[in-house]
Every structure is written in structure tokens, then in C-alpha cells.
Amino acid sequence: MGGSPAQAGAAAEFVITMLSTPDALQDVVLGENGLARALGPGHVYIDMSTVGPDTIRSIAGQLLKGVAVVDAPVRGSVSVATEGRLEIFVGASDEDFERVRPILESLGSVARVGGFGAGAAMKLVANLALGTSITAVGEALGLAEGLGLDRAAVLNMLEGSPLAPWCGPSAPISSRVTIRPLSNCAMPPRTFAW
């Protein structure tokens with residue numbers, strides 16, 4: 001470990017960040033003594049922050065050519081992390097995903113949801129979908145479509161979430177998704193075209 005992010009990352013082949021805000025991430029990676037000073041061709045940089053696809057793409061665009069960048073935000077609490085049961089949404093090329101999979105699997109369940117940037121996008125969708133209303137789920141599906149996320153990955157995330165008892169596709173991987181409220185809820189099912 002070093003006195004700065006650049007010193008800490010200098011001798012590492014794989015570097016992982018997980019920070020709370022886009023500003024904090026930019027400072028750690030691109031700041032005066034940021035990781036960018038240490039990363040070069042052959043290094044693998046994994047960001048596990050919840051910062052959105054625009055931020056991670058912007059940061060990746062400022063790294064030296066040849067640095068493999070993977071976005072892998074997580075869903076889960078501190079206790080879930082301690083138990084190694086995080087849900088990890090990975091955006092990466094096939095090759096980069098295979099390089100990082102063993103590292104990420106030690107932290108929890110890993111799902112590659114698309115190419116670079118898709119992990120960050122899926123985390124935004126997951127956060128929105130975990131809202132308490134049917135409208136929130138519909139908005140999440142709309143966001144997923146707008147971000148170009150894979151329908152199967154989004155529906156699998158929803159089916160495997162706490163929403164499972166009241167949310168599901170009307171048909172496997174269709175262009176329409178029906179959200180079904182819990183049986184004790186007076187709201188009717190709503191179908192969202194996708």
C-alpha cells in the first residue's frame with residue numbers, strides 16, 4: 001500500500017475502486033496523485049462504484065491505451081459483503097470478463113450484463129426497480145431500454161430480486177412486461193411495452 005492512489009496501484013496488476021460519488025472516483029483515479037499515473041498497458045482497472053455509465057466511460061477515456069477497464073457495481077449491504085454474497089453487475093468485453101471473474105466471484109454472484117458501461121447502467125436500473133411502486137419498476141424498464149441494456153439480463157435481475165413475488169415478465173424475454181402486485185394489493189397489474 002502506498003501514500004497515494006498512484007503509489008498503491010503501481011505494483012498491482014488488478015486495481016479495484018469502490019467509492020461513494022462520481023467526484024470521489026474522479027479524484028482517486030484522475031487526481032494529482034491518482035491511479036491514472038500508475039495504470040498502463042496490461043493493467044486491469046475494475047470500478048465497483050455506483051456512479052453511472054457516463055462517469056465510468058469518461059474516466060476510462062482518460063486512461064492510457066491498453067488499460068482494461070471493467071465496471072462492476074454491486075448490490076448488497078455491508079453484512080452481505082462480509083459474507084461474500086454481493087450481487088455484481090459486470091460490464092466488460094468477453095476477454096476482460098474472464099480475466100476478472102475469479103476475483104469478483106470471491107465477493108459474490110457475478111453476472112456479465114453486457115459490454116463496458118453495462119454494469120454501471122444495470123446498477124442504476126436495479127436501484128430504480130427496487131422502488132416500492134409499480135411505477136418505479138416501469139421507469140426502471142424504460143431506463144434499461146434507453147441505456148441499451150440486454151432485456152434478458154434486466155428481466156433476470158428483476159426475477160432474482162426481492163421484487164420476484166410481484167414482478168415478472170408476461171412471457172419469457174418478450175417486448176412486454178407485466179408487473180403483478182402482491183395478492184393483498186388493490187392495484188391492478190400493469191403492462192409496459194419494451
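The values are calculated or read from the model by the stated rules, or taken from the named source; none is laboratory data. These figures come from a predicted structure and were not determined experimentally. Here the Cβ positions follow ideal geometry from the backbone for every residue, glycine too, while neighbour counts run over all protein chains shown.
What to note about this one:
- Unique residue being among the β-branched types (Val, Ile, Thr), touching a residue at least 12 places away in the same chain (Cβ under 8 Å) and either part of a helix (DSSP H, G or I) or not assigned by TED's automatic domain parsing to the domain that holds residue 102 (or both) when the list is 55, 50: 55
- Any hit, the range 72-92, residues being touching a residue at least 24 places away in the same chain (Cβ under 8 Å), acidic (Asp, Glu), part of a strand (DSSP E or B) and crowded, with 18+ Cβ neighbours inside 10 Å: yes
- Breaking point among (1) out of contact with any helix residue (DSSP H, G or I) (no Cβ under 9 Å at 6 or more places or on another chain); (2) on the phi > 0 side of the Ramachandran plot; (3) not acidic (Asp, Glu), for residue 52: (1)
- Residue selected from the range 1-52 under the condition among the small types (Gly, Ala, Ser) and either in contact with an Asp or Glu (Cβ under 7 Å, 6 or more places away or on another chain) or buried (at least 17 other Cβ atoms within 10 Å of the Cβ) (or both), by the criterion nearest to residue 63 (Cα to Cα): 36
Conditions tested, residue by residue: (1) among the acidic types (Asp, Glu); (2) at pLDDT 90 or above; (3) touching a strand residue (DSSP E or B) at 6+ places or on another chain (Cβ under 7 Å).
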{"site": "14", "(1), (2), (3)": "no, yes, yes"}
{"site": "21", "(1), (2), (3)": "no, yes, no"}
{"site": "30", "(1), (2), (3)": "no, yes, no"}
{"site": "75", "(1), (2), (3)": "no, no, yes"}
{"site": "82", "(1), (2), (3)": "no, no, no"}
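- Flag if residue 63 is in contact (Cβ under 8 Å) with a residue 12 or more places away in the chain and not assigned by TED's automatic domain parsing to the domain that holds residue 5: no
- The test for being surrounded by 14 or more Cβ atoms within 10 Å (Cβ to Cβ), closer than 17 Å to residue 54 by Cα and aliphatic (A, V, I, L, M) does not hold for residue 111.
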